[in-house]
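*Asks:* Handing you a structure now.
Every read-out reported here was derived from the displayed coordinates using simple, explicitly stated rules and does not represent laboratory data. Computed from a predicted model, the values in this text were never measured in an experiment. Every residue, glycine among them, receives a Cβ derived from its backbone with ideal geometry; neighbour counts consider all protein chains shown.
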Amino acid sequence: MKVYLDKNFSPVDEDKAVMAKVIPEDGSAPYFVAVKKEAKSIEVKDWRTDAETRLKRKLDAFFKKMNDRIAGFLSTSPAWSDIPEAFWGEVGLEMQDIVGAELYSVALNSAQRLGSQLPLTYNWELVNNRALEFINNYWYREVGYITGTSRQTVQDSLTAFYEQGLTRQELEDRLVKFGDIRAEQIAVTEVTRASAEGERAIVDELAVEGVTMVEVWMTNEDEKVCDICGDRDGKEEGDGWGREDGPPAHVNCRCWVNHYLPGYDWTQ
Ligand SMILES: [Zn+2]
């Protein structure tokens, strides 16, 4: 069986010895050895908190700037037409760049962390391309959706300004509150997604070469875990869930995936 990602790679004896441990030569059924779940959970939590905090800080600054600009556009009788249409295109592009770069680095970091634990040689460039492809396909589309929600919120707030007789301050406070909630949601949800997709970038490259890893859904196992995620905890892909289900399973989902390599003892 071909197991190396790098097409030009010719395994030296040392690699062959590792591979012998990974895939049983007699073709017997592969066995699974669980990751030390507790140890890995702590490590994942620390790493994720850092990434979330970093992204949240950037998003806070982004939404603050966006709201300041909107407040600057609004006249004494604020109207939707006060805000130039081009403004929405600009904020969309800005968010694409700021958050896209951060999510790309989360995905790569995640891929690297899994890759560094594998007894396999793989082509980093291909993994990198997959991570980039994910950002391009997913995030740039998602930004359109987020910008659309922001527009809608501004429109709704303007309606409320007249219909509910909000003060100018109350109008601006609404927008600030929206930004705060969105920043938190995007940071948590998208770090979850980018980490899972980062690991999958490696997993998919290995699959091309005939090495199949098994994906397992992991939760924090605390009181915040919802029923959807709780039911999936510790279950392999295909056992009640598929990649299209996440993680994230929902907004603010903090789950992640672990990958098992059949026949390799991670505890060694
Ligand atoms: Zn979850």
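*Asks:* Which distance in nm do the two modelled labels at ASN220 and THR49 give, with both placed 7 Å along the Cα-to-Cβ direction?
*Replies:* 1.0
*Asks:* Using Cβ counts within 10 Å as a stand-in for footprinting exposure, how do LEU59, LEU118, LEU103 rank, fewest first? If you can, show how the numbers build up before the last one.
*Replies:* Details: LEU59 23, LEU118 19, LEU103 26.
Fewest-to-most ranking of LEU59, LEU118, LEU103: LEU118, LEU59, LEU103.
*Asks:* Here is a further query. Taking 0.36 nm per intervening residue step and subtracting the Cα-Cα distance, what contour gain separates THR121 from ASN137 on full extension?
*Replies:* 3.1 nm
*Asks:* Cα-based Rg (one decimal) and Dmax (whole number) for the stretch 99-238, in Å?
*Replies:* Computed over the Cα atoms of the stretch 99-238, radius of gyration and Dmax are 20.0, 65 Å.
*Asks:* Using θ = phi - 60° and the Karplus curve 6.51 cos²θ - 1.76 cosθ + 1.60, what whole-Hz ³J(HN,Hα) does each residue of the stretch 133-143 get, with Gly and Pro shown as x?
*Replies:* 4, 4, 4, 4, 6, 8, 5, 5, 6, 4, 4
*Asks:* Okay, next question. Along the stretch 196-204, what does the Karplus equation 6.51 cos²θ - 1.76 cosθ + 1.60 (θ = phi - 60°) give for ³J(HN,Hα), rounded to whole Hz, x for Gly and Pro?
*Replies:* Along the stretch 196-204, the couplings run 5, 5, x, 5, 5, 4, 6, 4, 5 Hz.
*Asks:* A follow-up question, please. Spelling out what I want: for every residue of the stretch 84-98, take phi, set θ = phi - 60°, compute 6.51 cos²θ - 1.76 cosθ + 1.60 (Karplus), and round to whole Hz; glycine and proline get x.
*Replies:* Each residue of the stretch 84-98 in turn: x, 4, 4, 4, 5, x, 5, 5, x, 5, 4, 5, 3, 6, 4 Hz.
*Asks:* Once R0 is set to 35 Å, what does the formula 1/(1 + (r/R0)^6) return for the Cβ-Cβ distance between SER77 and THR149, expressed as a FRET efficiency to the nearest 0.05? Present the calculation step by step, with values, prior to reporting the outcome.
*Replies:* Details: r = 25 Å, r/R0 = 0.72.
Taking R0 as 35 Å, the efficiency between SER77 and THR149 is 0.90.
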